[in-house]
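The values are calculated or read from the model by the stated rules, or taken from the named source; none is laboratory data. Everything quoted here is computed from the prediction, not taken from an experiment. Glycine also receives a Cβ, built like all others from the backbone with ideal geometry; neighbour counts cover every protein chain displayed.
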Amino acid sequence: MARSLVEAKQRVQHCSICGNLTDADPCEICGDEDRDCSTICVLGDSSDVVAMEKTREYHGRYHVLGGVLSPMDGIGPEELRIGELLERLRDGKVREVIVATDPTVEGEATALYLARLLNPLGIKVTRIARGLPEGGDLDYADDATLVRALEGRRVMETDS
Amino acid sequence: MEDVFVRKLYLKNYRSYPDLYLALDPGLNILVGANAAGKTNLLEAIYYLAAARSPRSPRDVELIHWGQEGFYIKALVTDGQVEHTLEFGFRSGRKKSIRMDGVPQERVSNIVGLINAVIFSPDDLSLIKGRPDIRRRFFDGEIGQVNPRFLSFHQRYYRILMQRNDVLKRLRRNRAVPEDALVQLQPWDEQLVQAGGELIVMRLDALRQWGALTQATYRELSGPEEELDLAYESSVGGSQALTSRSPSTEPPTVVDWQAAFKDALERARETELERGHTVIGPHRDDVRLTLNGHDLKEYGSQGQQRSAALAIKIAEVEWMRLETRRSPVLLLDDVMSELDISRSQRLAQLLDRGTQTILTCTDLADVDYDVLEGTLWRVQNGEVIPVVERK
């Protein structure tokens, strides 16, 4: 048991392309030719990749920043894998970057920073929507979530 | 109006109480005890149920019983036909934990408003005489009690502010040029301006109502010759009258405030880089009180200042009743002895509406308890004992 843990620790590394935790480099997702390479979804942590993958709805690539901006904790742009992201965008194949960092103050700052950095490169930068959880009860949603959901409301169009 | 009241209260290692269990009267509770017997601590614990913080100490760690590592408060709150349990736990160095009906709550904003409380204390005078941050903390805390949305934005704003100040501190240390500074500040500026605009407008909405009630209450207390006015002094957009009887123009919207805040930040950029912190914003705003046009803090007599402080608190009760359609629990900390007859009568008017009230005094003679029906308690040595026989 102890040996297998040590082995696991030795084998697990960060993918040199996307920064996700992997036991092979490049990771399974980066090495998958069938995945859409015109879209990159930017995430804070590796655990977020697992969450996104579970949806089976996203078929593009990922980029794990290894955290979010937090000056109080000494995390500035240099501490995140932002240079690596820019490197990946250089060949012009990527058309959209989806920023899916957490909806915290720090996640939001990271998204805003990236938007300012990437927009001048002619890349479409999008931010995931925030709001109510699916199958959730309005009663149980906390106020902040409700406020966000209200802000992100959309017109319901019907065929007339 | 539905009655909301604290039916049972349990305190563990809270201030002077290592272990206290109390079944409170839904009406009036009179706590008699010597100075420093722990009466104020008890009121403070009840206030904590409403605001999730102490009215006196901004830091939870100060509330822990001497020599202990944490405190715990549990209460049964009756709201009409429904009963809720509220639990607060705090251990030094950790985040406070909150449970409602046994379910852990991530955010304070989820439980505030379940019960509201207004505390009257001799310290209230500091609302008039004290520094701006005392008023800011007070008004923000009370608006947060009735408006969870305000509380969410308030927490968000101060989080952004802390992060932004850290960036500014670093930029100052590295003597950054303004162009570099801009790139690093922008992600925080944008959020600061957004949350800040919301915060100011929510403050103004609440303070206009509360201010008008304060003005009317002051007139009742002091007669028609003296006119008390309140104004919101914003570091972002100048002075906003809160009690003007002829609202001349449409008040600025959230978007207007955000735009003004953004401009003001740009103008303050150099100063901020010099000083290494955020110099403008709602965290620098103040509420100014004037009497017949003269600054109350500078020129008011002791009596005028006391009346104004009392007017703010009485008006707060009325304002909360209007906002929440419920009566807040009233906590009166040794205030009767300080007030003259007309003022204490005005205060007593609030009490005869079947609202739960917890009143403390050192001497029963200070309380006109022929008028007041309720349960009498004696506070001593960390214990609160019901007094069966009333004189």
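When the stretch A:41-72 is limited to residues that are within 14 Å of another protein chain (Cβ to nearest Cβ) and in a helix (DSSP H, G or I), the one that is surrounded by the most Cβ atoms within 10 Å (Cβ to Cβ) turns out to be A:Pro71.
Of B:Ile128, B:Ile73, all but one fail to be modelled with pLDDT of 95 or more, of a type outside the set (Lys, Arg) and under 20 Å from B:Val335 (Cα atoms); the exception is B:Ile128. Evaluating A:Asp34 against the criteria (1) surrounded by fewer than 15 Cβ atoms within 10 Å (Cβ to Cβ); (2) assigned to a helix (DSSP H, G or I) leaves one unmet condition, (2). Given the options B:Ala45, B:Ala37, name the one that is of a type in the set (Gly, Ala, Ser) and over 19 Å from B:Asp124 (Cα atoms). Exactly one residue qualifies, and that residue is B:Ala37.
If you check B:Arg203 against the conditions, is it more than 14 Å from every other protein chain (Cβ to nearest Cβ), without any contact (Cβ under 8 Å) to a residue 60 or more places away in the chain and either in contact with a Gly (Cβ under 8 Å, 6 or more places away or on another chain) or not aliphatic (A, V, I, L, M) (or both)? So B:Arg203 fails the test. When the residues of the stretch A:73-86 are filtered to those that are within 14 Å of chain B (Cβ to nearest Cβ) and outside any helix (DSSP H, G or I), the one that is surrounded by the fewest Cβ atoms within 10 Å (Cβ to Cβ) is A:Gly74.
Among all positions in the stretch B:111-121, there is no residue which is of a type outside the set (Lys, Arg), touching a residue at least 40 places away in the same chain (Cβ under 8 Å), within 12 Å of another protein chain (Cβ to nearest Cβ) and within 29 Å of B:Gln305 (Cα to Cα).
Among the residues of the stretch A:99-130, those identified as more than 12 Å from every other protein chain (Cβ to nearest Cβ) and either within 16 Å of A:Arg148 (Cβ to Cβ) or among the aliphatic types (A, V, I, L, M) (or both) are A:Ala100, A:Asp102, A:Leu118, A:Leu121, A:Ile123, A:Val125, A:Arg127, A:Ile128, A:Ala129, A:Arg130. Can you tell me which residue is modelled with the lowest pLDDT among those in the stretch B:238-265 that are more than 18 Å from B:Gln215 (Cβ to Cβ) and loosely packed, with under 11 Cβ neighbours inside 10 Å? For the stretch B:238-265, the residue satisfying everything is B:Thr249. Consider B:Tyr218 carefully, then state whether it is within 30 Å of A:Ala109 (Cβ to Cβ), aromatic (Phe, Trp, Tyr) and within 20 Å of the chain's Cα centre (by Cα). No; evaluated as a whole, the condition is false for this residue. Listed by position, the strands (runs of 3 or more DSSP E) contained in the stretch B:1-45 that have at least 2 residues being farther than 16 Å from B:Asp334 by Cβ and of a type in the set (A, V, I, L, M) are B:4-14, B:17-23.
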